[in-house]
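One structure is given below, encoded as structure tokens.
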Amino acid sequence: MSVAPAAAALGPLAMICGGGSLPLAVADLVAARGRQVVLFPLYGAAEGLALARYRHHWIHIGQIGKFLRLAQAEGCRDVVCIGSLVRPSIWQVHPDLVGLSYLPAVLKAFRGGDNHLLSNMAKVLEGAGLRLLGAHEVAPQILVPPGALGRVQPSERDRADIALALDYLHAAGPFDVGQAVVVADRHVLAVEAAEGTDAVLARVAEMRANGRVRAAVGRGVLVKAPKPEQDRRFDLPSIGPKTVEGAARAGLAGIAVIAGETIMADPGELVAQADRAGIFAVGEPAGESL
């Protein structure tokens, strides 16, 4: 059986979409394999997406009944959640009648970090008979491969910073805080929390401009890794051209992520930007501790 008929036999794929370039990139890859895609863009997150070429239905966060009804009408059994989304407050959730019936589970999900929230919301959808998949399961091409992505290779000093950063992320992972850290000369400069990676890099750039970073320009790494107990179907670490731009502006030597467990947006432009900036972007093998 060829790829296209095999993919088509799986039925339409429902994609709950946040912002950024990843939702449409994944949709294009899935469609290219012959599988129909139905997008469910989220109000407040996905307004910038060019949706016209795909069937789509706008939904508010919390409209569980509307989503289930439309997904069933479209023949979808598999669901992927992809795209950037600022964690809403419970007051920004707009439950419909079905959503209200899940309110106790939703309130419980909000009492914890992002991984706790996403995993519990997955249980809600799975309880309704849907199968939750990771974006990398339907479009494996989006994963960062092992090794250097461009021409620049990390130095031994960079390797030492990467090792320290991965040790930190492994130790901090159980607290469900963030997926990124910046280390220079084995000194932790910044840790990601709720602000996101771009803001972390902007903070490092500001600290460097203010003389609060002693490491010379061209030293230091941004390292991203999934949390040890993270549900890999949701919120895998991601990098893209904007990450490279931020790392260069922060005066870093490069970026290191976990190969096969990190999503890469617009890989061609990412590599081109890294080469132009003279910084490395590398996929590290997943260690036993991760």
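The values are calculated or read from the model by the stated rules, or taken from the named source; none is laboratory data. Please read these numbers as outputs of a predicted model, since none were measured by experiment. Cβ sites come from the backbone with ideal geometry, for glycine too, and all protein chains shown count toward neighbours.
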field: Options 180, 160, 184, 190: the member that is over 21 Å from residue 234 (Cβ atoms), in contact with an Asp or Glu (Cβ under 9 Å, 6 or more places away or on another chain), buried (at least 21 other Cβ atoms within 10 Å of the Cβ) and not aromatic (Phe, Trp, Tyr)
entry: 184
message: Going residue by residue through region 136-154, is there one that turns out to be farther than 30 Å from residue 28 by Cβ and in the same structural domain as residue 271 (by TED's automatic domain parsing)?
response: yes
- request: Evaluate region 18-32: report whether one residue or more is outside any helix (DSSP H, G or I) and over 18 Å from residue 264 (Cα atoms).
  value: no
query: For residue 129, which of the numbered conditions (1) not assigned by TED's automatic domain parsing to the domain that holds residue 279; (2) not in a loop (DSSP other than H, G, I, E, B) fails to hold?
result: (2)
field: helices (runs of 4 or more DSSP H) enclosed by region 52-110 - at least 3 residues per element that are modelled with pLDDT under 85
entry: 97-101, 103-110
- prompt: Within region 265-289, which residues are crowded, with 17+ Cβ neighbours inside 10 Å, under 14 Å from residue 223 (Cα atoms) and of a type in the set (A, V, I, L, M, F, W, C)?
  reply: 279, 280, 281, 282
